[in-house]
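Since every read-out is calculated from the coordinates, none of them should be taken as a lab result. Everything numeric in this text was worked out from a predicted model, so none of it was measured. Reconstructed Cβ throughout: ideal geometry from the backbone, glycine too, with neighbour counts over all protein chains shown.
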Amino acid sequence: MNFPVYTQPIPAITTEQMVEVDRLMIEKYQITLLQMMENAGRNLAVLSRERFLGGNVQKKRVVVLAGSGGNGGGALVCARRLCIWGANVQIVLSHPEDHFTDTVLHQFEILKRMGEPFIHGEIVDRLATAHLDLIIDGVIGYSLEGNPRGQSAHLIRWANAHAAPILALDTPSGLNLTNGEVGTPAIKATATMTLALPKKGLYEAQENVGELYLADISVPPALYKAPSLGLQVPDIFKERDIVHLSPQ
């Protein structure tokens, strides 16, 4: 399936503006973080299937790298969808469960009840990777400060060392989304699916971002016009929940 290329001007936002979008979604519109996470993960699974897995995920081998924050939760939703559709999914956690936020723990518990396998990042090198079809990067989201550290850094290096394509959620882990500064290490993605609106830094680090897609997480159009944002946003998702953005 081809995703429509969106060529009209779209505002690119900073990390601080995305924090404000999330705040307004939750506080003004009562759209919960869990709902946004579900939308993000479902779209990521659809993009995985249509762009990288030939439209049919059955028996395809996918490794999902999940961090302890919101990006990790979205990656776990994606993992659940791919499992339901018949993929062979291995989930790798950057942190133990007691480090998870409540919403990420919720997604983790669903997968546990489904009987899906998890491993922790410190033993990712033991993972069999022959005939691996796709790696999902959900390690670090827009809250990154400084260079990735610890198991997060280890998972980034592990992913970059493999030939399988990498699909990043919202941002390649290790990239500063406001200024485009590439951390050490940082994911070199084949494609990135960002959320709501593109972030400024994504256009400054094309080598790490790869193909850039934008996915709908159900932001009400009026939200962008709030005084704290003052954005004019076109009808981006009138045809599809996911669009392919042309380079700026």
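What relative contact order, as a whole-number percentage, does the chain give when Cα pairs under 8 Å and 6 or more residues apart are counted?
For the chain, the relative contact order is 23 percent.
I'd like the Karplus ³J(HN,Hα) series for the stretch 157-171: coefficients 6.51, -1.76, 1.60, θ = phi - 60°, whole numbers in Hz, and an x wherever there's a Gly or Pro.
Values per residue, Gly and Pro as x: 5, 4, 5, 5, 7, 9, 7, 4, x, 10, 10, 9, 8, 6, 7 Hz.
Amide H of Q90: which non-local residues (sequence gap of 5 or more, or other chain) have their own amide H closer than 5 Å, using H built in the peptide plane?
Correct list: V62, V63, V64.
Using only alpha-carbon positions, what ratio does the radius of gyration of the stretch 87-202 give when scaled by 2.2 N^0.38 Å?
My calculation over the Cα atoms of the stretch 87-202 gives 1.06.
How do 127-133, 85-91 rank on mean C-beta neighbours within 10 Å, highest first?
Highest to lowest by the protection proxy: 85-91, 127-133.
Could you list, in their original order, any pairs among K112/K225; K188/K238; K59/K200; K60/K225; K112/K188 whose Cα atoms are separated by more than 32 Å?
Table pairs above 32 Å Cα-Cα are K112/K225; K59/K200; K60/K225.
Can you give me the relative contact order of the stretch 69-200 as a percent, contacts being Cα pairs under 8 Å and 6 or more apart?
24 percent
If one puts a single equal scatterer on every Cα of the stretch 195-248 and applies the Debye formula without solvent, what log₁₀ I(q)/I(0) results at q = 0.21, 0.24, 0.30 Å⁻¹?
Result of the Debye calculation: -0.87, -1.03, -1.24.
I'd like the distance separating the alpha-carbon centroids of the stretch 216-245 and the stretch 73-102, in whole Å.
27 Å
What span do the alpha-carbon atoms of the stretch 1-137 cover on each of the three principal axes, reported in whole Å from largest to smallest?
For the stretch 1-137, the Cα extents along the three principal axes come out at 43, 40, 24 Å.
Taking amide H positions as placed 1.01 Å from N in the peptide plane, with prolines and chain starts having none, which residues 5 or more places from E211, or on another chain, fall under 5 Å of its amide H?
Those lying under 5 Å, H to H, from E211 are A191, T192.
Take the alpha-carbon centre of the stretch 119-166, take the same for the stretch 177-213, and report the distance between them in whole Å.
16 Å
Which of the listed residues, V219, L231, I135, is farthest toward the dipole's positive end in the chain, when Lys, Arg count +1 and Asp, Glu count -1 at the beta-carbon?
I135
Taking the Cα atoms of the chain alone, what are Rg (to one decimal) and Dmax (as a whole number) in Å?
Considering the chain through its Cα atoms, Rg and Dmax are 16.7, 52 Å.
If you filter the stretch 6-54 for chymotrypsin sites (Phe, Trp or Tyr not before Pro), then keep DSSP loop positions with at most 14 other Cβ within 10 Å, what is left?
Y29
Run lengths n ≥ 4 of DSSP H only: what is the helix-derived mean residue ellipticity at 222 nm for the chain, with -39500 (n - 2.57) per run over all residues, to the nearest 500?
-9000 deg cm²/dmol
Can you list the residues, at least 5 places off or on another chain, whose amide H is less than 5 Å from the amide H of K199, using H built in the peptide plane?
I13
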